[in-house]
Amino acid sequence: MGGVGEPGRGPAQPGAPLPTFRWEQIRPHNLPGDKWLVIERRVYDISRWAQRHPGGSRLIGHHGAEDATDAFHAFHQDLSFVRKFLQPLLIGELAPEEPSQDGPQNAQLVEDFRALRQAVKDMKLFEAKPAFFALLLGHILAMEVLAWLTIYLLGPGWVPSTVAALILVISQAQSWYLQHDLGHTSVFRKSQWNHVAQQFVMGQLKGFSAHWWNFRHFRHHAKPNIFHKDPDVTVAPVFLLGELSIEYGKKKRRYLPYNRQHLYFFLIGPPLLVLVNFEVENLAYVLMYMRWTDLLWAASFYARFFLSYIPFYGVPGALLLFVAVRVLESHWFVWITQMNHIPKEIGHEKHRDWASSQLAATCNVEHSLFIDWFSGHLNFQIEHHLFPTMPRHNYHRVAPLVKALCTKHGLSYEVKPFLTALVDIIRSLKKSGDIWLEAYLHQ
């Protein structure tokens, strides 16, 4: 064993004893251009390499100066392959007397969760059923064809157009779920196959960039409900969530009537997220990072859509159909994705262990065959966040094991009725708005 390491030391030399580091030496290395992290008690300097990280520098940087062992296991399928990239970044290891995690974390919970993950792996719950996902893709493609046939056979009247629009909304919503599965590499054994398939589903079937989605979504998984790290809750100054409500109130910030945000949510939240925010954010990402392949995939979606429907409606009618589908799918997307998160704890970084941080930010919704399909199995949000690469058809099998872990450690394992979960979004927005108003008036 080497001696105590010194800051600024280069990569460890092969065959040489590894320097050891204390957490007090590691903590300062969480700055732009200076990032260390710990994986399996080994210390890595990712400062220069972070820009080349496939998930983006922000994603890996969110774990700066932390034990990232569980995140490392959660996001990667082929660990032996990924470790090859880590080896040149190795600069040392934790000193023997140092705990594996920094700060007041529950070491027994960490140990039990890792044992659970190994048990789940032994049960082969990370293995996908090809027929399940083939059926999902098949019913998406069938609905795309059915929508066009409805207009082709019945004409572009109001009734056939409404039916076709609803069919397209279902197809688009289910495409969100399928590309989400592929983005988490939970369909194919080889990551590359998942990425290629995701580009097809996200690009050709939806008109978005797969890389943009992963860039955004993986940060949500790494640090759920954490301001400035999870983009899903970094929505101020339009909406105030969690701890930000009282902060805005104390600082007398009033850009909008936040005590009415639960009302204007219906006007600018569900209707416009996909149509406006996602479209603009997606295009900006593609141009900024020069994802030209993604741009071509998205262009193929728009070409197919408008070439399919302009002959029936003309350009204005086809545009109206497109907007109607986007607005309706946006409602579906917002309500389903936020029912598990907005009502939960939202705030600044607490530096919790993986299991605690995921459980604090998620809850489940009671399942049925319909709800499972309607929500893309995101009603099992707890299991999905703990094991993001697990195929969704196995969530119901791991759920009792997760619940038992939570019971043992006194952690909340919350399961709500579907309608209650939807209403809780509005309740949470109203509660945050009321907290802001009280702080604004009385501080």
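The values are calculated or read from the model by the stated rules, or taken from the named source; none is laboratory data. No experiment lies behind these values; they were computed from the predicted model shown. So basically every Cβ, Gly included, is an ideal-geometry build from the backbone, and we count neighbours across all protein chains shown. Side chains included, ligands, DNA and RNA excluded: accessible areas come from the protein's heavy atoms. Shrake-Rupley method; radii C 1.70, N 1.55, O 1.52, S 1.80 Å.
Couple of notes before you dig in:
- Helix axis angle, 418-442 relative to the chain longest principal axis, alpha carbon, degrees: 70
- Degrees separating the helix 107-122 axis from the principal Cα axis of the chain, which is the longest one: 60
- Rounded to the nearest 20 debye, the dipole magnitude of segment 54-202 is 760 debye, with +1 charges on Lys and Arg beta carbons, -1 on Asp and Glu beta carbons, and the Cα centre as origin.
- Rounded percent of accessible protein surface that carbon and sulfur make up, segment 20-103, 1.4 Å probe: 52
- Positive end of the dipole of the chain (Cβ unit charges, origin at the Cα centre): among A119, P130, L405, the Cα lying farthest that way belongs to P130.
- Evaluated with a Cβ-only charge set (Lys, Arg +1; Asp, Glu -1), the chain carries a dipole of roughly 480 debye about its Cα centre, given to the nearest 20.
- For segment 20-103, the share of DSSP beta bridges that are antiparallel, to the nearest 5, is 75%.
- A probe of 1.4 angstrom, applied to the heavy atoms of all protein chains, finds L205 with accessible area near 10 square angstrom.
- The lysines within cross-link reach of K251, meaning a Cα-to-Cα straight distance under 17 Å and a gap of 8 or more places when in the same chain, come to none at all.
- Nearest-10 value in Å² for the accessible area of H377, using the 1.4 Å probe: 30
- Since only L168, F239, F208 are under comparison, the one whose Cα sits farthest along the positive direction of the charge dipole of segment 88-245, derived from C-beta charges on Lys, Arg, Asp and Glu, is L168.
- Overall form of segment 358-443: prolate. Here a/c, set by the Cα gyration tensor axes a ≥ b ≥ c, is 1.5 or more, and a/b is the larger of a/b and b/c.
- For the chain, averaging the sequence separation of C-alpha pairs within contact (under 8 Å, six or more residues apart) and dividing by the residue count gives a relative contact order of 18 percent.
- GNM result for the chain, Cα springs below 10 Å: residue of L287, L273, L166 fluctuating most strongly: L287
- Surface accessible to a 1.4 Å probe, per residue, for the residues of the chain, Å²: 47
- Just the protein heavy atoms count here, and of the accessible area of segment 264-387 at 1.4 Å, carbon and sulfur take up 77 percent.
- Here the accessible area is traced with a 1.4 Å probe on the protein chains. For segment 127-213, carbon and sulfur cover 76 percent of it.
- Considering only the chain, percent of DSSP beta bridges that pair antiparallel, nearest 5: 55
- Other residues within the sphere of radius under 11 Å centred on the Cβ of H341, judged by their own Cβ, net out at -3 (K and R +1, D and E -1).
- Each label was represented as a point 7 Å from its Cα along the Cα-to-Cβ direction; for K84 and A16 these points are 2.5 nm apart.
- Partner aspartates and glutamates for K403 [C-alpha distance under 20 Å; skip if fewer than 8 residues away on the same chain]: D70, E111, D112, D122, E345, D353, E366, D372, E383, E414
- Local net charge near V415, Cβ-Cβ under 12 Å (Lys/Arg +1, Asp/Glu -1): -1
- Computed over the chain, the Cα gyration tensor eigenvalues convert (square root of 5λ each) into semi-axes of 39, 27, 22 Å, ordered from largest to smallest.
- Positive minus negative residues near L136 (Lys, Arg vs Asp, Glu; Cβ under 15 Å): 0
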